[in-house]
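Worksheet: the structure to be examined is printed underneath.
The values are calculated or read from the model by the stated rules, or taken from the named source; none is laboratory data. Predicted model, so just to flag it, every value in this text is computed and none were measured. Positions of Cβ are backbone-derived with ideal geometry, glycine not excepted, and every protein chain shown enters the neighbour counts.
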Amino acid sequence: MLYGVSYYYEYQPFDRLDEDVRMMAEAGINYARIGDSIWSFCEPREGEFDLDWLQRVLDALHGAGIQVVVTTPTYAIPPWLCRRHPEIMAVRRDGRATPYGARQNVDVTNPTYRHYAERITRLLLERYARHPSVIGFQVDNETGTAGAQNPSVVDAFREHVKAKYGTVDRVNEIWGLTYWSHRLGDWSDLWAPAGNTSPGYDLEWRRFEAATTTEFLRWQAGIVREYARPEQFVIQDVVGYHGKPDADRYAIGAAMDVTAENFPHATQDGLAHPPVDGLHMYPARHAGSGPAQLYQRSDMAYGVNRSNFFITEMNPISIAGSDNVFPGYDGQWRMAAFSTISRGADMVAYWHWHSLHYGHEIYSHGILNHDLEPNRNYDEVASIGRDLARHGDTLTGLTPEAEVAFVYSYDSRWALACQPPLKTPDGAAPDTRSYERIFDTFYRGFFDARAQSIVLPAGADVSSYPVVVAPALYVADDDTLAGLARYAHDGGHLVLTVRSGYADEYARARWVRAPGPLREAAGVGYNLYSNLAATVPVVSASGELEVPGDALATAWMDELVVDEGDAEVLAGYAHPHFGRFPAVTTHRYGAGQVTYVGTVPNASLARSIGDWVLRAAGVQPLGSGLPESVLLTRASARDGRRLSFVSNWSFDSHVLPDDTVKGTDLFADAPVGPGRPLELGAWDIRVVAED
């Protein structure tokens, strides 16, 4: 188990390398990431290099037994490079070059930029790739395209479209360019994305941007692998959760040796379960609050390759900015670390070691605050380090259990950002995060129902999971949808939602009744739908689905009509007009079942749907009957033992029934089971190795 920090010796206001390393070692830290922003420090003027200072840093870390990942320093360029070669700067949508002064501001396809980036990378690797402390490399940092629409990028897009579609007539047909007189007569007629309004063009452009990001990272990884020893790995720290709009975690994951993602999360009341709504903190404003944020990030990362992953950045004292300083409550750092380990993390690392005394991120704090003294964050980090020193081998390489597979579609996300079906919650504008909002609603509904999940890319094999949920699978080809229908026919329980199956792989609305190829399996169809300007109460239509009294339909509803057959209406709307349409239906299909949710449910309704689906699929959720704030998940260790992770996301203490789990509490080194109930304090997590 790797446990550590990003370390910036070069940012310290004075030389305290030995003290930093001593404190890290005493805290049980065995890993440090270095180098992501050192380009101008190593090359202050063009062609003048100073890499000697890194030798002492690497030697000191190695002497303390701290393993190192070296980052290629290419995401933040030195000012001389911009001054001498302004053509490398990313041209924005408005046609103006991005001004210097931040980071991630270049066109990563520019050959001049790549020349200088390759030169500094090779010099760094030639000098230090073989240092005994170095166990791997990170290419770039939270990489994207900077939204570059430089002329050369637009030309490359034209060539991409030409290679994919072959002729302008094919593009005209697929994108429907007869509309508004946009038909192409020649490839030179294909316009730049800044003025585009065509959904087909927009989807292809977003695919191209994501592919550009992946190609850049593959290029860097290829350089790194020329120097790497066989046992050294290559990673990229993808922005976790839904991530950047121009980065595809599945494509990037295929290009790297280990999946690695950054996990900023809400803290304090933002980690409470049940969740506290309306918190004004990052990232709860757009990602929601509660422990689901940690589990969802983990289930997304594990699902990239169905394998263990690294967390390269996690919250220390605080993360984000000067107005978002929310140090965790006592116990919350332990909760975050061990809950993500329970879902497959093989590295937990904090961004970063010490709070910076200057620069943009002064108040995106490290483990040490500006006084550089131990504090309660450091003390808790050290307590985690002690437990990992004892049990790290057991906790490495876990296989998390999962009963529910969520289908994730970048194409659907991008298409629904172009033409959002939902308004923002305040009703002021189209919600470009409509896909994320629908996806999160269903993930959290099943999470609240105590499901264990994995998030897989559209088209992946899901046959081994009792339940599959396909939120807003708007863009998909017929084969992908047929595969989901076949999954249900063969015995699985498929959950479909609004917008699923509506458009084809080119973002064209299908010219058949919705949900298109999924209609037979779902047993329902619709040809009208409506935004909801206000919430609508949802009521039970049968005794099978228990609908809570506060259940609401929000944002959208499909005017579902049950086709001939045996589809059952589970819930409807308490409304003088919409009351004629089902809100939730289920349909026996072959050996399995398809449940269709025709609205965006509020939290209580989403949980009720999750409860019902799990029961209908024969899944007994872990921890049923435990206090609401107590969660239970399981994973298998490499030695075959089953580990139970029992966590309490509240200030209340709980003594659990003595039949909850049976085995050995690894942290207390004490038996639990009949006559020895597990006791959880406030913000407490325990790992029990079952007998």
May I ask you to verify whether His62 is in the same structural domain as Tyr350 (by TED's automatic domain parsing), closer than 30 Å to Met23 by Cα and of a type outside the set (A, V, I, L, M)? yes
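Inspect segment 593-606 for any residue being assigned by TED's automatic domain parsing to the domain that holds Thr441 and more than 28 Å from the chain's Cα centre (by Cα) and give the result as yes or no. Outline the logic, then answer.
From segment 593-606, those assigned by TED's automatic domain parsing to the domain that holds Thr441 are 593-606; that's our starting set.
From the residues that got through so far, the ones that are more than 28 Å from the chain's Cα centre (by Cα) too are 593.
Yes, that holds for at least one residue.
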Read through the list (1) touching a residue at least 40 places away in the same chain (Cβ under 8 Å); (2) under 30 Å from the mean Cα position of the chain (by Cα), then give the number of the only condition that Gly63 fails. (2)
How about segment 478-504: which of its residues are surrounded by 22 or more Cβ atoms within 10 Å (Cβ to Cβ) and polar (S, T, N, Q)? Thr497, Ser500
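I'd like the full set of residues that are in a helix (DSSP H, G or I), touching a Phe, Trp or Tyr at 6+ places or on another chain (Cβ under 7 Å) and closer than 15 Å to Ala129 by Cβ, limited to segment 58-83. First the steps, then the outcome.
Quick first cut of segment 58-83, residues in a helix (DSSP H, G or I) only: 58-63, 79-83.
Those left that are additionally touching a Phe, Trp or Tyr at 6+ places or on another chain (Cβ under 7 Å): 58, 79, 81-82.
Residue satisfying the conditions is Leu58 alone.
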Given the criterion within 30 Å of Arg437 (Cβ to Cβ), of a type in the set (Ser, Thr, Tyr) and loosely packed, with under 15 Cβ neighbours inside 10 Å, identify the matching residue among Ser604, Ser650, Ser624. Ser624
Where residues in segment 411-457 are hydrophobic (A, V, I, L, M, F, W, C) and farther than 30 Å from Leu632 by Cβ, which of them is modelled with the lowest pLDDT? Ala428
Answer residue from segment 84-105, given it is in a strand (DSSP E or B) and in contact (Cβ under 8 Å) with a residue 12 or more places away in the chain and is nearest to Tyr9 (Cα to Cα) among those: Met89
Filter segment 513-549 down to the residues that are in contact (Cβ under 8 Å) with a residue 40 or more places away in the chain and of a type in the set (Val, Ile, Thr), then identify the one that is surrounded by the fewest Cβ atoms within 10 Å (Cβ to Cβ). Thr535
Tell me, yes or no, whether segment 561-582 has at least one residue that is of a type in the set (Phe, Trp, Tyr), closer than 15 Å to Val498 by Cα and not in a strand (DSSP E or B). yes
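Can you name the residue in segment 398-414 that is aromatic (Phe, Trp, Tyr) and more than 10 Å from Pro471 (Cβ to Cβ) and is also nearest to the chain's Cα centre (by Cα) among such residues? First the steps, then the outcome.
Step one: filter segment 398-414 for residues aromatic (Phe, Trp, Tyr), giving 406, 408, 410, 414.
Going one step further and asking which of them are more than 10 Å from Pro471 (Cβ to Cβ), we end up with 410, 414.
Values: Tyr410: 12, Trp414: 15 Å.
Out of the qualifying residues, it is Tyr410.
Would you point out which residue out of Asp611, Asp639 is outside any strand (DSSP E or B), among the charged types (D, E, K, R) and loosely packed, with under 15 Cβ neighbours inside 10 Å? I'd like the intermediate steps shown before the answer.
Working: Asp611 fails: loosely packed, with under 15 Cβ neighbours inside 10 Å.
Step by step, each of Asp611, Asp639 is checked, and only Asp639 is outside any strand (DSSP E or B), among the charged types (D, E, K, R) and loosely packed, with under 15 Cβ neighbours inside 10 Å.
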Pull up segment 463-477, narrow it to residues that are surrounded by fewer than 21 Cβ atoms within 10 Å (Cβ to Cβ) and of a type outside the set (D, E, K, R), then point me to the one that is nearest to Glu403 (Cα to Cα). Pro466
Being touching a residue at least 60 places away in the same chain (Cβ under 8 Å) and over 18 Å from Val348 (Cα atoms) narrows it down to one residue among Glu10, Glu48, Glu43; which is it? Glu43
What do you reckon, is Glu544 touching an Asp or Glu at 6+ places or on another chain (Cβ under 7 Å), assigned to a loop (DSSP other than H, G, I, E, B) and not polar (S, T, N, Q)? no
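Considering only segment 505-512, I want to know if a residue exists there that is surrounded by fewer than 20 Cβ atoms within 10 Å (Cβ to Cβ) and assigned to a strand (DSSP E or B).
Going through segment 505-512, the residues surrounded by fewer than 20 Cβ atoms within 10 Å (Cβ to Cβ) turn out to be 505-506, 508-512.
If we keep only those that are assigned to a strand (DSSP E or B) as well, we get 509.
Yes, because at least one residue in segment 505-512 is surrounded by fewer than 20 Cβ atoms within 10 Å (Cβ to Cβ) and assigned to a strand (DSSP E or B).
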Identify, from the list Val538, Val498, the residue that is β-branched (Val, Ile, Thr), out of contact with any Cys (no Cβ under 9 Å at 6 or more places or on another chain), modelled with pLDDT of 95 or more and assigned to a strand (DSSP E or B). Val538
Please state which of the following conditions His391 fails to meet, knowing it meets all the rest: (1) over 27 Å from His493 (Cα atoms); (2) not assigned by TED's automatic domain parsing to the domain that holds Gly288. (2)
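For the subset of segment 121-166 comprising residues that are of a type in the set (Val, Ile, Thr) and in contact with a strand residue (DSSP E or B) (Cβ under 6 Å, 6 or more places away or on another chain), which member is nearest to Phe49 (Cα to Cα)?
Just the residues of segment 121-166 that are of a type in the set (Val, Ile, Thr), to begin with: 121, 134-135, 139, 143, 145, 153-154, 161.
From what's left, in contact with a strand residue (DSSP E or B) (Cβ under 6 Å, 6 or more places away or on another chain): 134-135.
Details: Val134: 21, Ile135: 24 Å.
Applying the filter and picking the extreme gives Val134.
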For segment 143-164, pairs from a residue that is crowded, with 20+ Cβ neighbours inside 10 Å to a residue that is of a type in the set (Val, Ile, Thr) and in a helix (DSSP H, G or I), with Cβ under 7 Å and 6 or more apart or across chains, are Thr143/Thr213; Gly144/Thr213; Thr145/Thr212; Thr145/Thr213; Val161/Val171
Quick check on my filter: what residues within segment 248-277 are under 11 Å from the mean Cα position of the chain (by Cα) and among the aliphatic types (A, V, I, L, M)? Ala260
All positions within segment 9-43 that are closer than 30 Å to His115 by Cα and either in contact with a Lys or Arg (Cβ under 7 Å, 6 or more places away or on another chain) or charged (D, E, K, R) (or both): Glu10, Arg33, Asp36, Glu43
Of Ala336, Ala301, which residue is in contact with a His (Cβ under 9 Å, 6 or more places away or on another chain) and either surrounded by 24 or more Cβ atoms within 10 Å (Cβ to Cβ) or at pLDDT below 95 (or both)? Ala336
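Check whether at least one residue in segment 639-655 is farther than 15 Å from Pro627 by Cβ, at pLDDT 95 or above, among the basic types (Lys, Arg) and within 29 Å of the chain's Cα centre (by Cα), and report yes or no. Before the answer, list the steps.
First, the residues of segment 639-655 that are farther than 15 Å from Pro627 by Cβ: 639-645.
Checking which are at pLDDT 95 or above leaves us with 639-645.
Applying the additional criterion that residues be among the basic types (Lys, Arg) yields 641-642.
Within this subset, residues satisfying the condition of being within 29 Å of the chain's Cα centre (by Cα) are 641-642.
Scanning segment 639-655, I find at least one residue that is farther than 15 Å from Pro627 by Cβ, at pLDDT 95 or above, among the basic types (Lys, Arg) and within 29 Å of the chain's Cα centre (by Cα), so the answer is yes.
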